[in-house]
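The values are calculated or read from the model by the stated rules, or taken from the named source; none is laboratory data. Quick caveat, the model's predicted, so the values are computed rather than measured. Here the Cβ positions follow ideal geometry from the backbone for every residue, glycine too, while neighbour counts run over all protein chains shown. Calculation scope for accessible area: heavy atoms of the full protein, side chains included, ligands and nucleic acids excluded. Shrake-Rupley method; radii C 1.70, N 1.55, O 1.52, S 1.80 Å.
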Amino acid sequence: MTTQSAGPSRPVASSGEGKGLATGTLGLWGSVVIGLASTAPVYSLVATLGFVVLAVGAQAPIAFIVAFIPMLFIAFAYRELNRAVPDCGTTFTWGTKAFGPFVGWMGGWGVAVAGMVVLANLAQIGGQYLWLLIGDGSLASNVPLVTGTGVVFIALMTWVSYRGIELGERVQNVLLAVQYLALALFAVVAFVKVGTGDAPHPTPVSLDWFNPFAFTDYSGFIEAVLLALFIYWGWDTCLALNEETKDPKRIPGRAALVTTVILLVTYVSVTVAAMSYAGLGTDGTGLANEDNANDVFLALKDLILGPWAWILVVAVLVSAVSSTQTTILPTARGTLSMAAYKALPKRFASVHPKYQTPSFSTLVMGIVAIVYYVGMTFISENILADSILSLGLAIAFYYGITGFACVWYFRKDLLRSARDFFFKGLFPLLGALMLGYAFVQSCIDMYDVDYGYTVIWGIGGTFVVGVGALAFGVVLMLIWWSFPGSKPFFRGESLNRDTEVLVPDSPDVYGRSVDGGLT
């Protein structure tokens with residue numbers, strides 16, 4: 001690895017032409033929409049709310065707030081790194097510049113693993129909820145039908161991603177509007193019925209719901225925060241599209257912060273509405289009823305919305321399909337960036353001349369996701385479920401790398417001002433440490449044979465799948481390292497702290513072009 005000495009406070013030089021992506025396409029609103037869509041807010045609540053309530057009861061709202069803190073801190077890291085190095089490789093590029101090629105490569109692999117696993121999950125949910133709308137809903141339990149439908153969804157969203165970011169943005173505007181309309185309708189009607197006495201178990205909102213010191217079970221608190229932590233995941237798609245925004249250095253970071261705040265308000269508001277309406281009972285519609293944990297919305301939709309209950313089913317379907325498309329975007333751009341800097345075969349750097357999208361990377365991502373989804377379903381639905389449960393490991397892994405990379409990359413700047421100390425140093429460090437703890441604690445929990453749905457080699461299948469997926473990245477990295485084409489990257493020549501980044505010329509935070517001229 002080469003010696004690196006350039007200070008990060010100086011704007012990173014640009015190649016001028018970039019990688020061939022559609023520059024100047026997205027504004028702040030478009031970036032926020034794609035960031036929100038990537039988190040699949042409706043489905044995230046469906047999959048998580050019930051289990052958070054089971055873990056901590058009335059303290060569910062504060063659990064979501066506490067989980068928001070490391071996400072906010074890591075969002076600051078993304079913002080600061082993006083201002084200095086607005087490259088679509090994000091964690092891969094920043095990890096390489098801070099710690100060298102091996103850490104950077106594994107950070108890029110973490111992004112790819114998370115995307116691949118979640119695509120299988122989203123495809124399955126999309127297939128199930130589509131068939132819940134048909135007839136009496138029994139078709140949703142038909143595995144071949146659901147799997148085939150999920151494959152169609154992945155293929156369709158891969159095509160949308162392939163055709164261009166503008167088409168994707170237009171699609172996401174519609175899909176996100178449906179999601180937030182459904183959530184708003186759910187929350188407003190729930191509160192109205194609580195006020196009129198029509199709720200089954202009306203429960204007054206209490207300040208204790210927001211008291212972080214009211215937890216009586218520490219292990220339950222940790223479990224709830226770990227669950228809540230990862231429903232915020234996905235906002236970093238804003239940063240992966242940085243080269244395609246109108247102001248690559250500022251808009252993506254702002255969009256990430258706006259997205260995380262909107263998610264916080266969304267999750268807490270809907271949680272409070274559901275708790276106020278259904279109460280925390282262990283039977284019937286109570287949120288602490290284990291039979292409702294898998295899908296709180298399905299348990300409450302008919303009571304709250306009556307003949308309009310189908311709107312919630314459509315919202316979950318739309319949420320899953322929407323996130324399918326936005327999940328493909330960052331993973332395809334991540335592999336594009338890796339190939340551009342010779343961390344992957346050159347073919348991955350191909351950009352469609354008309355649509356200006358990472359054509360080969362997008363198609364590969366869609367094909368790999370389909371093969372993974374169908375293969376896991378064919379082998380065992382339980383292993384597929386465990387792979388989904390292990391998703392948090394990959395997320396904590398690459399978010400943590402980003403936080404630590406921010407601190408190390410800007411280490412010479414931290415004492416220049418209070419702003420630099422907090423936003424480039426302290427906050428990213430705290431976020432990375434929190435996520436590091438979440439990673440270790442999750443590994444410990446997943447190692448238990450009672451965690452998840454399978455046992456492999458005498459230990460928890462979730463642990464084997466999650467850690468194994470990350471370890472497989474080491475194998476792939478070593479395979480690529482053995483090829484001559486990889487040498488410039490692993491020797492620190494094609495990408496290091498001093499190299500120009502392959503991004504288009506754009507204004508820096510002071511309104512100057514990166515080569516020093518006036519814009």
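Table for the structure above
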read-out	value
Residue under evaluation Pro307, criteria (1) assigned to a helix (DSSP H, G or I); (2) open to solvent by 20 Å² or more (accessible area, probe 1.4 Å); (3) under 19 Å from Asp87 (Cβ atoms); (4) not aliphatic (A, V, I, L, M), criterion not met	(3)
Number of the exception - Thr377 against (1) over 22 Å from the mean Cα position of the chain (by Cα); (2) not in a helix (DSSP H, G or I)	(2)
Odd one out for Lys301 among (1) closer than 16 Å to Tyr43 by Cβ; (2) in contact with a Cys (Cβ under 8 Å, 6 or more places away or on another chain); (3) of a type in the set (Lys, Arg)	(2)
Conditions (1) at pLDDT 90 or above; (2) over 21 Å from Leu317 (Cα atoms); (3) crowded, with 19+ Cβ neighbours inside 10 Å; number of the one not met by Glu244	(1)
Selection count where residues are touching a Pro at 6+ places or on another chain (Cβ under 8 Å) and open to solvent by less than 20 Å² (accessible area, probe 1.4 Å), scope the stretch 147-200	2
Inter-residue pairs, beta-carbon under 6 Å, first farther than 22 Å from Ile401 by Cβ and part of a helix (DSSP H, G or I) and in the stretch 49-77, second hydroxyl-bearing (Ser, Thr, Tyr) and modelled with pLDDT of 90 or more, 6+ apart	Ala60/Thr271; Pro61/Thr271; Phe64/Tyr267
Of the criteria (1) within 19 Å of Asn121 (Cβ to Cβ); (2) open to solvent by 10 Å² or more (accessible area, probe 1.4 Å); (3) touching a Leu at 6+ places or on another chain (Cβ under 9 Å), which one Leu389 fails	(3)
Which numbered condition Tyr453 fails, given (1) in contact (Cβ under 8 Å) with a residue 60 or more places away in the chain; (2) assigned to a helix (DSSP H, G or I); (3) open to solvent by 30 Å² or more (accessible area, probe 1.4 Å)	(2)
Answer from Ala293, Ala256, Ala288 - the residue that is at pLDDT below 85 and either under 30 Å from Ala22 (Cβ atoms) or in contact with a Leu (Cβ under 8 Å, 6 or more places away or on another chain) (or both)	Ala293
First in the stretch 355-380 and free of Cβ contacts under 8 Å to residues at least 40 places away in the same chain, second anywhere and among the charged types (D, E, K, R), Cβ under 7 Å, 6 or more apart	Phe360/Arg347
Subset of the stretch 189-208 (residues that are among the acidic types (Asp, Glu) and not in a loop (DSSP other than H, G, I, E, B))	Asp208
Selected residue (only one of Ala288, Ala299, Ala273 is farther than 26 Å from Val118 by Cα and either part of a loop (DSSP other than H, G, I, E, B) or open to solvent by 20 Å² or more (accessible area, probe 1.4 Å) (or both))	Ala288
The one condition in (1) part of a loop (DSSP other than H, G, I, E, B); (2) out of contact with any helix residue (DSSP H, G or I) (no Cβ under 9 Å at 6 or more places or on another chain); (3) closer than 26 Å to Thr96 by Cα that Leu414 fails to fulfil	(2)
Pair list, Cβ < 7 Å and 6+ apart or interchain, from the stretch 9-36 residues that are acidic (Asp, Glu) to residues that are at pLDDT below 90	Glu17/Pro504
Positions within the stretch 85-122 being more than 24 Å from Leu478 (Cα to Cα), open to solvent by less than 10 Å² (accessible area, probe 1.4 Å) and part of a helix (DSSP H, G or I), in sequence order	Leu119, Ala120, Leu122
Count of residues meeting criterion [farther than 21 Å from Thr245 by Cα, touching a Leu at 6+ places or on another chain (Cβ under 6 Å) and not β-branched (Val, Ile, Thr)] in the stretch 25-57	2
Meets criteria (closer than 30 Å to Asp445 by Cα, of a type outside the set (S, T, N, Q) and open to solvent by 50 Å² or more (accessible area, probe 1.4 Å)) for Phe213	yes
Unique match (being hydrophobic (A, V, I, L, M, F, W, C) and either open to solvent by less than 10 Å² (accessible area, probe 1.4 Å) or under 30 Å from Leu72 (Cβ atoms) (or both)) among Ala340, Ala394, Ala349	Ala394
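Residue-by-condition table, conditions (1) closer than 28 Å to Leu26 by Cβ; (2) of a type in the set (S, T, N, Q):
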{"site": "Ala349", "(1), (2)": "yes, no"}
{"site": "Val364", "(1), (2)": "yes, no"}
{"site": "Ile367", "(1), (2)": "yes, no"}
{"site": "Ile370", "(1), (2)": "yes, no"}
{"site": "Val374", "(1), (2)": "no, no"}
{"site": "Thr377", "(1), (2)": "no, yes"}
{"site": "Leu393", "(1), (2)": "no, no"}
{"site": "Gly400", "(1), (2)": "yes, no"}
{"site": "Gly403", "(1), (2)": "yes, no"}
